[in-house]
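Peer 1: What follows is a structure written as structure tokens; I'll ask about it next.
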Amino acid sequence: MSRDTVPAVRLACTLPCVKRQKDSTGLQVTPSYKSGMPDILWAKTCLIIIFIAVLVLPFKVRAVERKLEIFLFVSGVFALTFSGFIPLPGEQTGWSWKILSEALTTPLNITNV
């Protein structure tokens, strides 16, 4: 084993071991963080695709240009959803009540300026 693989092995060993759980339908569910790197790679790929789409589509597609606010809103929802698959030490990623409350109150604060 080379020195480069040691931190990855340590990180994998620190993840909590979770047994398969049954969801409300009785099916076996494996938490997404247990599968490790493929979920993170998939999420990062999706975020890069969203980034490129936000940069390119408004200039290339007339329908996106006309409905830019809706397009950016949907892109943001997808980006927030996919970012939930990327764990950051000490940070909560993805959807949370704090983000929802901030999203609902921030536009109201801007109108008061």
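The values are calculated or read from the model by the stated rules, or taken from the named source; none is laboratory data. Here the structure is a predicted model, which is why all the values come from computation and not from measurement. In this analysis, Cβ positions are derived from the backbone assuming ideal geometry, glycine residues included, and neighbour counts consider all displayed protein chains.
Peer 1: Name the residues in region 35-87 that are loosely packed, with under 15 Cβ neighbours inside 10 Å, of a type outside the set (A, V, I, L, M, F, W, C) and part of a helix (DSSP H, G or I), would you?
Peer 2: 35, 38, 44, 45, 60, 62, 65, 66, 69, 76, 81
Peer 1: Something else now. Of the residues in region 61-100, how many are more than 24 Å from residue 43 (Cβ to Cβ) and either polar (S, T, N, Q) or within 22 Å of the chain's Cα centre (by Cα) (or both)?
Peer 2: Keep residues of region 61-100 that are more than 24 Å from residue 43 (Cβ to Cβ), which gives 61-63, 65-69.
Checking which are either polar (S, T, N, Q) or within 22 Å of the chain's Cα centre (by Cα) (or both) leaves us with 68-69.
Going through region 61-100 one residue at a time, the tally reaches 2.
Peer 1: Enumerate the pairs (first residue in region 51-80 and over 22 Å from residue 103 (Cβ atoms) and modelled with pLDDT under 95; second residue anywhere and surrounded by 11 or more Cβ atoms within 10 Å (Cβ to Cβ) and among the acidic types (Asp, Glu)) with beta-carbon separation below 7 Å, excluding pairs fewer than 6 apart on the same chain, so at least 6 apart or on different chains.
Peer 2: That search, which allows pairs on different chains as well, returns nothing.
Peer 1: From the residues in region 88-113 that are outside any loop (DSSP other than H, G, I, E, B) and polar (S, T, N, Q), which one is modelled with the highest pLDDT? Full working, then the answer.
Peer 2: Of all residues in region 88-113, those outside any loop (DSSP other than H, G, I, E, B) come to 88, 91, 97-111.
If we keep only those that are polar (S, T, N, Q) too, we end up with 101, 105-106, 109, 111.
On the way: 101: 90, 105: 86, 106: 84, 109: 69, 111: 68.
Filtering region 88-113 for residues that are outside any loop (DSSP other than H, G, I, E, B) and polar (S, T, N, Q), the one modelled with the highest pLDDT comes out as 101.
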